[in-house]
Amino acid sequence: MTPSQARGVVVINQLNINSRTYKLPSAPTIVVCVDGCEQDYVNQAIQAGKAPYLASLASSGTVATADCVVPSFTNPNNLSIVTGAPPSVHGICGNFFYDEETQSEVLMNDPKYLRAPTILAEMALAGQRVAVVTAKDKLRSLLGHRLQGICFSAEKADQVSIAEHGIEDIVGRVGMPVPSVYSAELSEFVFAAGLSLLRKERPDLMYLSTTDYVQHKHAPGTPRANDFYAMMDGYLEHYHREGAVLAITADHGMNAKTDSVGRPNIVFLQDRLDSQYGAHAARVILPITDPYVVHHGALGSYATIYLRDAHDARRQEIMSFIASIRGVEAVLTRAEASARFELPAERIGELVVLGERLTVLGSAAAQHDLSGLTVPLRSHGGLSEQKVPLIFNRKLRDIGDARRLRNFDVIDLALNHLA
């Protein structure tokens, strides 16, 4: 923290968090993470005349492109955004992982796995009014870790209390029933709740995180996708008119994962490894796995593998075998993956596997329920979903063309680099 003297009173005007310095907000600042926002969704909505406010930011604001964290999944990227740091710092490297200490496969949504403070919690400790609204409850405990402020999910908005969430009766204020977790309306509730908070509580910093249900179901430019972005565009314009600074990014992109007739392109890695090397030679972990798998069947373009026999010759043999499988883009060792993608090495397997743009990776076919895939599979997780939007309603300054922009730069840019 950096103090300055004002009439004998010590005033804190900036904070140092995870080796970065952040100015305190000078106006209500809203950071929006649009889950699954492949850039073409915005482009197509603008071309269709459905997103006039977003279109206007090309001249009045800043429209750029950033890289998200790989694996391009929800938990690692949301936590990178709110800590301003990669997973090697905050520790969250998937939605799901194999905990070698307990020898169990577990969801990575418990704050005990978080290794760094969030910008949100630190801002609140410095006296700033902070609010968080997330679509799914799975993120609430991580995003709200040690946060003295408002934090709730749209999924469980009817269960909020002052004691636990810092607010009450948000359903009555928003005027919407609690939507299904598998709906576009869950994200709309996030935006509507954000507008209510902006008008009444006037947070200094607010973080809104949506769900990618629409993006998993509908390709860019389709009527349902354009309608979703039209809804979002309307709320963003309302935020702007209320005087907010807007910073918009995504946790990951989204791609079709099918062949030319719409059938899922799936490499079942566990089945392939068991067939080649016998059962129990390798354990395949799919970090996309979370409590909400209906729309993607726990299939994404990133997997990590634990080997029973991990000596160099055996590991190289298995890597060569996996690399020969059609649909596999890359196979990396633990050291290579942790260095390239800034991951905590002790929380990934001996190997990391990436699927090509049109391919997802599974474990064993018998472990995936694909009955919920009523439309052609769309998913994420690999390098092909790394490019995401980075949009502000003001002009960026003093960043230079050489800087690699990341989605987790969004709060730094919003607080330190906007005109």
Practice prompt. Under 18 Å Cα to Cα from K387, which aspartates and glutamates show up? Leave out anything in the same chain fewer than 8 places away.
Written response: D35, E38, D40, D67, D212, D251, E329, E342, E356, D401, D409
Discussion item. Set the bar at 30 Å for Cα to Cα. Now go through K23/K217; K23/K156; K50/K395; K50/K257; K112/K257; K112/K200 and name every pair that lies beyond it.
Written reply: K23/K217; K23/K156; K112/K257; K112/K200
Response to the item:
Share of accessible surface on carbon and sulfur in segment 136-284, whole %, 1.4 Å probe and ligands ignored, is 45
Worksheet entry | Reduced Cα scattering model of the chain, Debye log10 I(q)/I(0), q = 0.06, 0.10, 0.11, 0.15 Å⁻¹ | -0.24, -0.66, -0.80, -1.42
Practice prompt. Work through the residues other than Y277 whose Cβ is under 13 Å from its Cβ and net out their charges, Lys, Arg +1 and Asp, Glu -1.
Written response: +1
Item to complete: Please work out the Cα center distance from segment 196-245 to segment 101-177, rounded to the nearest Å.
Response: 19
Worksheet item: Which value in Å does the Kirkwood hydrodynamic radius of segment 145-263 take, with 1/r averaged over all unlike C-alpha pairs and then inverted?
Response: 15.8
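Enter the mean projected area of the convex hull around the alpha-carbon atoms of segment 283-356, in nm², rounded to one decimal.
5.4
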Discussion item. So with the 1.4 Å probe, I'd like the accessible area per residue for the chain, rounded to whole Å².
Written reply: 39
Discussion item. Under 8 Å for C-alpha pairs, at least 6 residues apart: give me the relative contact order for the chain, rounded to a whole percent.
Written reply: 26
Fill in: Alpha carbon convex hull of segment 202-329, volume per residue in cubic angstrom
171
Worksheet item: Counting Lys +1, Arg +1, Asp -1, Glu -1, what net charge surrounds S384 among other residues with beta carbon under 11 Å of its beta carbon?
Response: -1
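The values are calculated or read from the model by the stated rules, or taken from the named source; none is laboratory data. What you are looking at is a predicted structure, and each value in this text was computed from that prediction instead of being measured. Quick reminder, even Gly has a Cβ in these numbers, built from the backbone with ideal geometry, and neighbours come from all protein chains shown. Each accessible area value is taken on the protein alone, full model and side chains, heavy atoms only, with ligands, DNA and RNA left out. Shrake-Rupley method; radii C 1.70, N 1.55, O 1.52, S 1.80 Å.
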